[in-house]
Amino acid sequence: MRHVRLQASDPKEMFSREDLKRLLIPLILETALAVTVGMADTVMVSNGGEASVSGVSLVDSINVLLIQILSALATGGAVVTSQYLGHQDTLQARQASKQLMYVVLASSLCFTTVCLVFRMQLLRLLFGSIEPDVMDAAAIYFLLTALSFPFLGLYNAGAALLRSMGNAKATLHTSILMNLINIVGNAVTIYGFRMGAAGAGLATLLSRMAASVYIARFFDPSSVIPYPDFWHIEHHGVLTKKILSVGLPGGLENGLFQFGKLLLVRMIATFGTVSIAANAVGNTMGTIQCLIGNAVSLGMITVVGQCVGAHEFGQARKYTWRLIGIAYMCMDVLNLILLLMLPVICKPFHLSPETEALAQKIILIHGVGAMTIWPLSFVLPNSLRAAGDARFTMIVSTISMAVFRIIFGYLFGLTFHMGVIGVWVAMQIDWVCRIICFLIRLHGNKWQTKVLV
């Protein structure tokens with residue numbers, strides 16, 4: 001597979017509309033498929049009752065924290081690689097890819113070890129004295145998903161590198177395989193063997209193992225970035241430092257962000273099983289409501305990364321706004337459809353009437369925010385990260401999360417007795433703060449000084 005630097009018919013443009021379609025459409029499909037992994041776990045495990053749903057949801061709130069850190073490290077490698085490809089330096093791009101694999105594999109093994117050794121302590125620390133049946137479901141699901149982190153890390157790194165080359169179809173093919181194995185595995189273990197949360201965890205583990213192996217086939221010897229030869233160990237400190245300059249702030253940002261959400265989940269756990277289950281459904285549907293925006297964010301790394309690597313900062317700005325416009329258009333259509341379907345959208349989760357009513361309110365609040373402010377809050381900062389300005393986005397996101405989402409979440413949820421609804425309202429306030437800071441940063445020129453090549 002060869003790398004082709006995406007070129008527009010207009011020599012003044014690096015990416016044509018057709019180039020963007022070839023990049024974004026597979027990414028949207030891939031993201032939609034990836035979402036079905038978590039959704040399939042939640043929906044299918046609901047066959048075992050609300051205790052199983054709640055246990056899986058609580059553990060996923062921990063898993064997302066660790067997965068986001070691994071994804072941030074992979075993004076750091078994708079940013080460096082994209083910039084080198086835009087700079088037409090394929091040798092450095094290849095060397096950076098190998099360093100990325102080392103960093104991600106070492107990090108994921110550390111996470112797995114910590115989670116396996118301190119599994120029960122973490123669950124008790126974060127969620128306190130939850131009901132015994134919920135704790136049992138959470139414990140077994142946590143064990144199995146923790147084993148999958150190294151495989152997920154390798155898959156994420158491989159997918160990030162393929163996207164940096166503009167080969168989104170390869171990651172789509174891998175995602176199809178991973179989701180197929182996960183769904184079939186869920187059907188066999190949950191419905192066939194009645195394994196509940198354990199079945200969902202086992203299916204997730206097997207699907208990630210398969211994805212980590214399958215994705216390597218797309219890095220053939222003719223590719224600009226062949227799959228790294230792990231046995232020929234190399235260390236390029238400068239390249240590793242560049243990867244970490246984006247990956248570590250991104251990982252810290254995502255880690256603190258998810259840790260903040262964990263604090264709120266712990267508070268929500270005190271509201272009872274109804275609130276836990278409704279919040280779980282809200283998180284699942286919230287992921288669907290934002291899936292197109294997340295796909296566009298991945299494309300932003302490739303497009304803006306190559307533009308700034310070529311020192312085409314004007315084009316970087318232009319494509320930033322073009323991609324944000326695409327995100328708005330698609331997300332508005334998607335969320336309008338979902339909100340119109342709200343009366344029936346919670347039925348597959350087999351919720352009690354009280355839980356279903358609460359979940360519908362959460363979906364409505366999040367859907368309105370996704371249509372109006374989410375793209376500027378989450379798609380825009382990926383343009384800054386693609387330029388290497390990851391430290392700024394980390395600072396803004398962390399402060400905004402701490403001040404607005406956590407403090408206001410506790411204020412609305414406990415002091416004003418709004419319960420779980422107050423947490424979701426506080427989240428919207430956090431988004432607005434982020435938008436203001438990111439717009440000011442993009443309007444200036446300081447982000448242009450953060451380019452890595």
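See the values below:
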item	result
Residue within the stretch 265-272 that is among the polar types (S, T, N, Q), over 17 Å from Ser164 (Cα atoms) and surrounded by fewer than 18 Cβ atoms within 10 Å (Cβ to Cβ) present	yes
Criterion (in contact with a Lys or Arg (Cβ under 8 Å, 6 or more places away or on another chain) and not acidic (Asp, Glu)) met by exactly one of Ser352, Ser400	Ser400
Search result, residues across the stretch 90-121 that are more than 23 Å from the chain's Cα centre (by Cα) and in contact (Cβ under 8 Å) with a residue 40 or more places away in the chain	Thr90, Gln92, Ala93, Arg94, Gln95
Given (1) surrounded by 21 or more Cβ atoms within 10 Å (Cβ to Cβ); (2) over 17 Å from the mean Cα position of the chain (by Cα); (3) among the β-branched types (Val, Ile, Thr), index of the condition Ile301 fails	(2)
Any hit, the stretch 44-64, residues being surrounded by fewer than 24 Cβ atoms within 10 Å (Cβ to Cβ), among the hydroxyl-bearing types (Ser, Thr, Tyr) and modelled with pLDDT of 90 or more	no
Options Ile140, Ile130; residue that is in contact (Cβ under 8 Å) with a residue 12 or more places away in the chain, buried (at least 17 other Cβ atoms within 10 Å of the Cβ), touching a helix residue (DSSP H, G or I) at 6+ places or on another chain (Cβ under 8 Å) and assigned to a loop (DSSP other than H, G, I, E, B)	Ile130
Residues (touching a Leu at 6+ places or on another chain (Cβ under 6 Å), closer than 17 Å to Val79 by Cα and aliphatic (A, V, I, L, M)) located in the stretch 131-164	Ala157
Some residue of the stretch 68-84 being over 18 Å from the mean Cα position of the chain (by Cα), at pLDDT 90 or above and not in a helix (DSSP H, G or I)	no
Flag for Thr355 being at pLDDT below 95, of a type in the set (Val, Ile, Thr) and either outside any helix (DSSP H, G or I) or touching a helix residue (DSSP H, G or I) at 6+ places or on another chain (Cβ under 9 Å) (or both)	yes
Number of the condition not met by Leu264 [criteria: (1) part of a helix (DSSP H, G or I); (2) modelled with pLDDT under 85]	(2)
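The values are calculated or read from the model by the stated rules, or taken from the named source; none is laboratory data. Not measured: the values here are computed from a predicted model. Positions of Cβ are generated from backbone atoms using ideal geometry, with glycine treated the same way; all protein chains shown enter the neighbour counts.
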